[in-house]
Amino acid sequence: MSGQVTIVKGHNRRGGGWALSGLAWIVGILFVLPVLWMLLTSFHSEENAAKNPPDLAAPLTLDGYRSFFSTGPWPSIANSLTASILSTALVILLAFPAAYALSIRPVRKWTDVLFFFLSTKMLPVVAGLLPIYLFAQSVGFLDNIWLLIILYTSMNLPIAVWMLRSFLSEVPVEILEAASVDGASLTRTLRSVVAPVVTPGIASAALICFIFSWNELLFARVLTGTVAQTAPVFLTGFVTSQGLFLAKVCAASIVVSLPVLIAGFAAQDKLVQGLSLGAVK
Amino acid sequence: MSTETEARPGRRRHATETAGSQGTVMRKAGDWARRGPLLPALIFMIVVTQLPFVVTIVVSFMDWNAYYPDERGFAGFANFRRVLTDANTRHAIWVTILLTAGVVLLSLVLGLLIALLLDRKFRGRGAVRTMMITPFLVVPVAAALLWKHALYNPTYGLFNGVLKWIFGANAPQPDWISNQPLWSIIFALVWQWTPFMMLILLAGLQSRPLDVIEAAGIDGANQWEIFRYMTLPHLRQYLELSALLGSIYVVQNFDAVFTITSGGLGTANLPYTIYQTFYTAHDYGRASAAGVIVVIGTILIATFALRSVSTLFREETGR
C-alpha cells in the first residue's frame, strides 16, 4: 500500500518539477541580469548606452574601456593588488599557527579565544577608525599602503583563524599521534602530515581574504590619498559622474570586479565553506 | 576578557585530551609550546583592534574638534548627550536598524526559497548556481554604481527602459532613488546578499540525512510536513549562522550608502554619519561617542546572537 503512495508522490514531484526547474532558471537569470547588463553597456558607445528605451542591437565598441584606461587607473589597481596579496600572505602566516594551536592540540579555554577572534569582527570598523587615523597622521603613516596592509590583516585574521581551525580539525588525531610516537618534530609533522590535508583549506581562506581586502572601501577612503589609493577608492571618483559616462562607469566596474569574479567562479565550492567560517561543510 | 585567563598557565587539561595519556610533567612543559603559535595572532589582534577602541572610548569623553584645537579637554558625558539628543543621529540609528533588518530578513527569505529550488536535481543546476553567485562577486562599490547609474537612473536606467518597452513611449518614468531612497539601497543590498544566504542554506539542505526524510515520506508525511518538521529544524542553525554573518556585514555598510545616495534623502546610517562627523566635520569627540554607542548596540545584539549560533560550532568541538 505504502509503495503505491510513494509512486503517486513521485509522479506529483515530477509533474511540478518542470515548473520548479523553470523557476530556478528564471531566478538565476534575474540575479545575473544586472551584471550582464553592465557588461553589455560597457561595450556600447556613450551615446547608445544612454538611450531609453535601450538599444540592444547597438554596435559594440571598446570606447568605454579606452576612456576608462585613459583616466589612469593602473596605480590604484597596483595598490589594490599589493594590499590584497601582502595582507593575505600575512593573514595566513599568522592564522595558520593560531589555528593549529586551537584545533590539533588545543590550548585551554580555546573556545573563548576563538570567540574573541570572532567578536573583533563585530566591533564596527568605523569605531576604531579615528584613533587609527590620528595615529597614522602623527607618525606620518597616512597615504601609505602598509597601513592598509596591516588593517586588512586585522580585518581578515579572525575569519582565517576560524576557517583554518575547521579545516585542521579534519586531520585525524591518530595520524598525529603516530607521528609523535615516531619522534617527528613539530615542523616535520606540520609539513608532511598536516599540510597536505589543509592546503585546499588554506587556498580557500586566502581567496576569501583576498576578496575582502580587494573590496574594502572605508579604510582606504579615509586613510589613503593620491599615492596609496586603491581601486575601489578610484571607483568612487565616478560616484557623482552624471550624464554621458555610463559606458565608462560600467567598464570601470567590470575591470575592478574582474579579479574577484574570476577567483570566485574558480573556487565556488570552497567559497561556501569559507564564507560560513568553516561551520558548514 | 578571555585573553587574560588564557595567559595564565593552566592546571587542568581539556577533558577530551586527558584520554591521549602522556606524562603530566611533559604536559606542563608543553603548555607554552602549545600556546606559542597562538600568541602572534592574538597580540596582533589586540594591538590593532582593541587598542584603537580604547582610545575611541577616551576621546568620546573629550571635547575635541580639529577646527578648534584650543578647546580640547574633558567633556564628561556631553558628547553622548549631544549624540543621543541629536535628531540626525537618532534618525541614523533608526536607518541602521531598518537597513540591517530589511536586508538580512529579505535576503534570508529569498535565499531560503532559492536554496530550496536549487536543492533539486535539474538540468543546468550548476549554471544556475553560478549565475546566482555572481552578484556576490561584484566589488561592492561597483555594484552600487551599477544600481545607481545603470538600473535606477530615471533617464537611461534599465528599469525605466523596461517600462518603456512594455508600456510604450508614455510609460511612467519614476525617479527610483528620489522616490524611495532607503528601499533603493535595500534592494541593491538584497541583490548582493541573497546569494550569500542561499549558499549557506543550500549547504545546510545538502547536509540533511536523506534516509530519515525518505522514511518520513514512506510513513506518509507530505512535502509540507517534511519541510516544517524536519527540514526547517535542521536548517535552523544555518539560518541563524547566515543571519549573524549577514548582520555583521550589513550593519557596517558604508559602500552602498556612500555610493547610491551619499547619505542624502534621509538614508545616512550610523557608519556613514560617523564617517561624516569625523572626516568632514572633524568633531572627533562626537564621532567617538557615536562609535561607542554603535559598539554597545552591536555587543548587545551579538551576545544574544552568538549564544544561539555557538551551538552550531559546539557540535564539532570535541577535540
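The values are calculated or read from the model by the stated rules, or taken from the named source; none is laboratory data. None of the values given here were measured: they were computed from a predicted structure. Neighbour counts run over all protein chains shown; Cβ positions are idealised from the backbone, glycine included. Quick note on the areas: whole protein, heavy atoms, side chains included, nothing else; ligands and nucleic acids left out. Shrake-Rupley method; radii C 1.70, N 1.55, O 1.52, S 1.80 Å.
Before moving on, here are some points about what is shown:
- Positions from segment A:20-46 whose accessible area shrinks by 20 Å² or more when the full protein complex is built, not the chain alone, probe 1.4 Å: A:Leu20, A:Ser21, A:Ala24, A:Trp25, A:Val27, A:Gly28, A:Phe31, A:Val32, A:Pro34, A:Val35, A:Trp37, A:Met38
- Shielding by partners for peptide B:48-61, expressed as the average number of C-beta atoms from other protein chains within 10 Å of each residue's C-beta, is 5.
- Taking all Cα pairs closer than 8 Å and separated by 6 or more residues, the relative contact order of chain B comes to 27 percent.
- Sites excluded, chymotrypsin sites (Phe, Trp or Tyr not before Pro) in DSSP loops with at most 12 other C-beta within 10 Å, longest stretch of chain B: B:78-319
- For chain B, the carbon plus sulfur part of the accessible surface works out to 65%, probe radius 1.4 Å.
- Accessible surface, per residue, of segment A:15-62 when the full set of protein chains is kept, probe 1.4 Å, Å²: 52
- Members of A:Lys121/A:Lys248; A:Lys109/A:Lys270; A:Lys248/B:Lys164; B:Lys121/B:Lys164; A:Lys248/A:Lys270; B:Lys121/B:Lys148 lying beyond 26 Å, as alpha-carbon distances in this model show: A:Lys121/A:Lys248; A:Lys109/A:Lys270; B:Lys121/B:Lys164; A:Lys248/A:Lys270; B:Lys121/B:Lys148
- The relative contact order of segment B:176-319 comes to 26 percent, based on Cα pairs under 8 Å that sit 6 or more residues apart.
- Over the protein assembly as shown, volume per residue of the alpha carbon convex hull, in Å³: 183
- At least 20 Å² of accessible area lost relative to the chain alone, listed for segment B:198-214 with a 1.4 Å probe: B:Leu199, B:Ile200, B:Ala203
- Here the alpha carbons of chain B define both size measures, Rg and Dmax, at 25.3, 86 Å.
- For segment B:63-312, accessible area per residue (1.4 Å probe, heavy atoms of protein chains only), Å²: 44
- DSSP H segments from chain B that extend 20 Å or more along their own axis, Cα-based, with Kyte-Doolittle mean of -0.5 or above: B:87-118, B:181-206, B:232-250, B:284-314
- Among the GluC sites (Glu not before Pro) in segment A:84-193, those placed in a DSSP loop whose Cβ has at most 13 other Cβ atoms within 10 Å are A:Glu170.
- Value in Å of the Kirkwood radius, where segment A:73-279 supplies the Cα pairs that are averaged: 18.7
- Average Cα contact separation per residue, segment A:73-279, under 8 Å, 6 or more apart, as relative contact order %: 35
- Axial C-alpha extent at least 15 Å, average Kyte-Doolittle at least -0.5 - helices from chain A (DSSP): A:2-42, A:74-103, A:110-122, A:125-138, A:145-168, A:195-215, A:246-266
- The slack in the chain from A:Thr111 to A:Glu170, taken as 0.36 nm per residue of separation less the alpha-carbon distance, amounts to 19.5 nm.
- Chains B and A together, accessible area buried on both sides, 1.4 angstrom probe, square angstrom: 10000
- Cα extents of segment A:15-62 along the three principal axes, largest first (Å): 48, 18, 14
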